[in-house]
């Protein structure tokens, strides 16, 4: 339970941090939810992730930002309440719901938001949003 509270506290802090475009105002970036290979070639209905699935993203950003350690944060909400939050490197596979989260415990669908970002440290710590994408995820 302490991990859940700590995780949600960190996620809330990240979600309420002011967003600064920083030095990338004229640079382009993108983030796209990947469709699993086995699904994309064999399915006639669109794939939608669900609780317990691993999701990955295709990202593009200026390589001059590599030294900042560009990351992705995934935030999932149920009825407007944050139920899951996780951050990792841009090439990370995210387990939706994690091994323990409010969403994992309650099940059901969620609206998720993935942000491609980096932190810069010019006279203070700044959250720099590069790109975002939204997706829905079903329960188990």
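The values are calculated or read from the model by the stated rules, or taken from the named source; none is laboratory data. Keep in mind it's a predicted model, so treat the numbers as computed, not measured. Note that we place each Cβ from the backbone using ideal geometry, even for glycine, and neighbour counts take in every protein chain shown.
Residues that are under 15 Å from residue 30 (Cα atoms), at least 2 per element: which strands (runs of 3 or more DSSP E) completely within the stretch 59-140 meet that?
Working: elements: 71-78, 81-89, 110-121, 125-137.
Qualifying strands (runs of 3 or more DSSP E): 71-78, 110-121, 125-137.
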If the Cβ limit is 7 Å and pairs must be 6+ apart or interchain, which residue in the stretch 41-64 that is at positive phi pairs with which residue that is modelled with pLDDT of 95 or more and surrounded by 10 or more Cβ atoms within 10 Å (Cβ to Cβ)? 52/96; 52/97
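Of everything in the stretch 39-56, what is in a loop (DSSP other than H, G, I, E, B) and at pLDDT below 95? Give them in sequence order. Full working, then the answer.
Let us first name the residues in the stretch 39-56 that are in a loop (DSSP other than H, G, I, E, B), namely 41-49, 51-53, 56.
Of everything in the stretch 39-56, those that are in a loop (DSSP other than H, G, I, E, B) and at pLDDT below 95 turn out to be 41, 42, 43, 44, 45, 46, 47, 48.
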Could you check residue 87 against (1) more than 16 Å from the chain's Cα centre (by Cα); (2) buried (at least 16 other Cβ atoms within 10 Å of the Cβ) and say which number it fails? (1)
